[in-house]
Each structure stands twice: as structure tokens, then as C-alpha cells.
Amino acid sequence: MLEIRNLHARVDGKDILRGLTLSVNAGEVHALMGPNGSGKSTLAYLIAGREGYERTDGEILYRGRDLLAMNVEERAREGVFLGFQYPVEIPGVSAMTFLKSSVNAVRKHRGLPEYDAMEFLKVVREKAKQLDMPDGLLQRPVNVGFSGGEKKRHEIFQMALLEPTLALLDETDSGLDIDALRVVASGINRLRDPSRAILLITHYQRLLDYVVPDRIHVMAQGRLVKSGDKTLAAELEKTGYAGLGAAA
């Protein structure tokens, strides 16, 4: 699904990624951990197509295609989803309007008929029931006045509706209390699918207590310094990143 080979990248003239290689197969959940400044978010933003993130060497293949040759809109329509650490507020735009426009753009790209208002409402209600999504959040402007937990739940709901094949979740656990974390983790687990790859970016083990990854990778200074199974998270909890030579 996702193949990254010897990737180098620069932001604002500064080299951040320095030869990163990573492979995530369909059906797998991988966790990417590491200290601040190691390049985790840079990787996610580069994959998603955020402006200002420049590949200087290496390649990213998505389903066998050159991902970096696609513009940001094409990547989204092709099934790449980015969940932000700090979801953006969009005043004046209702969540339902935003979601309907996004979903129909993806369906049109896939050659599927667009939903009319009633069809979309039915789909929303079904997904909301599956993910225990409160109806009230969907009647408000996107993320405006939402708590941290509500913003993250709304992003997971977006993911459920858009049905991406590659989901990048950048510090989804950031700012969540334990109850919100459990709810968000439950949503992620329900969206695990044999046709979907998920890359979780996190600092801490606590998210991985609820979403058990197939692989864990530790990143430092723009490279992967260690990979392993779920037991690697427990090792990090004991030793910290410094124990792996991955301190900031």
C-alpha cells in the first residue's frame, strides 16, 4: 500500500528527513514514535501534500504509483487521509455540508453516483450509530467550539465516511483525557480493514494500549532507528527514547 524508499525532505531550507525507508501493507496498522523534532509530522505532511514540504531525494509509492507526482486534491480523492494533531476550525461551514461535499468529491472520482441529501443523511446516521457519534456535533460549524476530544472524534467520523485506503493519524491522542482517548481508539479499531493501511503517529504508549499496532517504528533525526512488534512500546516506556539512542 505505502512504500517509502530512502526519503529525504526539507522544510524552510532545513533538512528534516534523512534517508527514511518504510513499508506499510494493506490491512496493517503501524505506529510511528519518536522524540519531538524527529520528523514524524514532516513525513505525514509530505505524504498528504502540504505546501512547504520538499522532497530532495528518494520516493514514495502509493499502491504502486508515484505519490509525489499527484497534487494534494488527487491524493485525497485517491484515498489518502490525514488526521491533524490540531484540527482546523471552519467557521460558517456546517459539518454536514463539509462532509457531504468531501464524500461526493471522492465518489465522483471513483466513478460512483453522488449522494443526494436524503441518501447522505441515511449514510451519516448509519456511520454515526456505528461510531457512537453525537448528532449535535454534525449540526455545528466544523470544529468550532469543539473540545479536543470532539475534534478528534469528528476526524475519525470523517475517515469513516471517506473510507480512505491510507490513513495518517498525526498524534490523534494529543490533548485527550482518558475517556476521550478510549472513544477515539474504539473508532480507529472499528475502521481497521483488510483493504486499509493506517499509520499512527504518537509520542506515548497509552494510545497503543487501546489500538494494538502490527508494527512499531522509532524515528530519530529523520530516520528509523528501530522497528518491532507491540512489545517495543513497553520497552520505550521503560527506557525512553534515549535508551534506543533516539533522544532529541
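The values are calculated or read from the model by the stated rules, or taken from the named source; none is laboratory data. Because the structure is a prediction, the values reported are computed rather than measured. Here Cβ is always computed from backbone atoms with ideal geometry, including for glycine, and neighbour counts include all displayed protein chains.
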Test set (1) modelled with pLDDT of 90 or more; (2) among the hydrophobic types (A, V, I, L, M, F, W, C); (3) crowded, with 16+ Cβ neighbours inside 10 Å - Ala69 fails condition number:
(3)
Being surrounded by 15 or more Cβ atoms within 10 Å (Cβ to Cβ) and at positive phi narrows it down to one of Gly64, Gly39, Gly27, so name that one.
Gly39
Report, by residue number, each residue of region 72-96 that is assigned to a strand (DSSP E or B) and surrounded by fewer than 13 Cβ atoms within 10 Å (Cβ to Cβ).
Pro91, Gly92
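Per-residue answers, yes or no, for (1) in contact with an Asp or Glu (Cβ under 6 Å, 6 or more places away or on another chain); (2) in contact (Cβ under 8 Å) with a residue 24 or more places away in the chain:
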| site | (1), (2) |
| --- | --- |
| Ile4 | no, yes |
| Leu7 | no, yes |
| Arg10 | yes, yes |
| Leu20 | no, yes |
| Ser23 | yes, no |
| Glu28 | yes, yes |
| Gly52 | no, yes |
| Arg63 | no, yes |
| Asp66 | no, no |
Looking at (1) touching an Asp or Glu at 6+ places or on another chain (Cβ under 8 Å); (2) on the phi > 0 side of the Ramachandran plot, can you tell me which one Ser186 breaks?
(2)
Residue tally, condition within 19 Å of the chain's Cα centre (by Cα) and either buried (at least 17 other Cβ atoms within 10 Å of the Cβ) or hydrophobic (A, V, I, L, M, F, W, C) (or both), over region 10-24
4
In region 161-203, how many residues are surrounded by 20 or more Cβ atoms within 10 Å (Cβ to Cβ) and of a type in the set (Gly, Ala, Ser)?
4
Where residues in region 97-148 are at pLDDT below 80 and on the phi > 0 side of the Ramachandran plot, which of them is surrounded by the most Cβ atoms within 10 Å (Cβ to Cβ)?
Asn143
Sort out for me the strands (runs of 3 or more DSSP E) sitting completely within region 1-63 that have 3 or more residues that are under 25 Å from Lys230 (Cα atoms).
2-11, 14-24, 29-33
Any hit, region 48-66, residues being within 13 Å of the chain's Cα centre (by Cα) and under 13 Å from Ile201 (Cβ atoms):
yes
Which ones in region 66-98 are of a type in the set (A, V, I, L, M) and farther than 18 Å from Leu169 by Cβ?
Leu68, Ala69, Met70, Ile90, Val93, Ala95, Met96
The one condition in (1) on the phi > 0 side of the Ramachandran plot; (2) in contact with a Gly (Cβ under 7 Å, 6 or more places away or on another chain) that Glu171 fails to fulfil
(2)
